[in-house]
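Asker: Just passing along the structure, written as structure tokens.
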Amino acid sequence: MSDAFFYIFATLTLASAILVVANRNAVNSAVFMIVSFLGMASLFVLLEAYFLAVIQVLVYAGAVIVLFLFIIMLLDVKGGDRQKFRPVTAIATLAAAALLFTGVGVLYQAPSLAVAPPADPGVGASLKDFGALLFTRYLLPMQVTGFLLLIAMIGVIVLSKRFDASKQGPTA
């Protein structure tokens, strides 16, 4: 039964990821990206990686997509004209797809794949240890990341301001 769920969620994830790239409307692409992230979270649940599934939903499907939608709406992004594919692009795409399917076929036909025995849980295996490491040893990278996100948000707000010369007062 889990194999059927895997194929369903994998197909959902791949289809929505393709629709993210193929869609002309940026808001619709962001919605399809949410579906793709939820499909990935479902795959994490099938792997019994519940913490990663919850983080996937909260951080990516929640916060990151909200930030993307905020930026898209703030900048008022419109769908533009697309360039036509050149023959070189089509040939490169077909070659990459053939290489991908050949690699998957070779792996599928392999007599056996050696599976390593599960390792003992190490440092950070529990959520308490993970949090302690995150806010002690990795405090500076966390603060730098937060500061960079703040700078990016301020940059988006500054870039999205419309300059209207008629509303400006007299200059000295």
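Asker: Pairs needed: first member in segment 127-147, at pLDDT below 80; second member anywhere, surrounded by 11 or more Cβ atoms within 10 Å (Cβ to Cβ) and in a helix (DSSP H, G or I); C-beta distance under 6 Å; at least 6 residues apart or different chains.
Answerer: none
Asker: Next question, about the same structure. Among residues belonging to segment 1-30 that are out of contact with any Gly (no Cβ under 8 Å at 6 or more places or on another chain) and assigned to a loop (DSSP other than H, G, I, E, B), point out the one that is nearest to Leu47 (Cα to Cα).
Answerer: Only one residue tops the list, namely Met1.
Asker: Specify which of the listed residues (Leu12, Leu69) is surrounded by 13 or more Cβ atoms within 10 Å (Cβ to Cβ), outside the structural domain of Gly146 (by TED's automatic domain parsing) and over 30 Å from Leu148 (Cβ atoms).
Answerer: Leu12
Asker: If you don't mind, another one. List the residue pairs whose Cβ atoms are under 8 Å apart, where the first residue sits in segment 66-84 and is within 13 Å of Ala152 (Cα to Cα) and at pLDDT 70 or above, the second is surrounded by 13 or more Cβ atoms within 10 Å (Cβ to Cβ) and not β-branched (Val, Ile, Thr), and the two are 6 or more positions apart or on different chains.
Answerer: From residues that are within 13 Å of Ala152 (Cα to Cα) and at pLDDT 70 or above, the pairs are Leu67/Met153; Phe68/Ala30; Phe68/Met33.
Asker: Using the structure shown, decide if Val27 is surrounded by fewer than 19 Cβ atoms within 10 Å (Cβ to Cβ), free of Cβ contacts under 8 Å to residues at least 24 places away in the same chain and either small (Gly, Ala, Ser) or in the same structural domain as Tyr7 (by TED's automatic domain parsing) (or both).
Answerer: Judged against the criteria, Val27 is not a match.
Asker: Kindly provide the set of residues from segment 83-95 that are in a helix (DSSP H, G or I) and either surrounded by fewer than 10 Cβ atoms within 10 Å (Cβ to Cβ) or charged (D, E, K, R) (or both), ordered by number.
Answerer: Within segment 83-95, Pro87, Val88 meet the criteria.
The values are calculated or read from the model by the stated rules, or taken from the named source; none is laboratory data. It should be emphasised that the depicted structure is a prediction, and the values quoted were computed from it without experimental measurement. Every residue, glycine among them, receives a Cβ derived from its backbone with ideal geometry; neighbour counts consider all protein chains shown.
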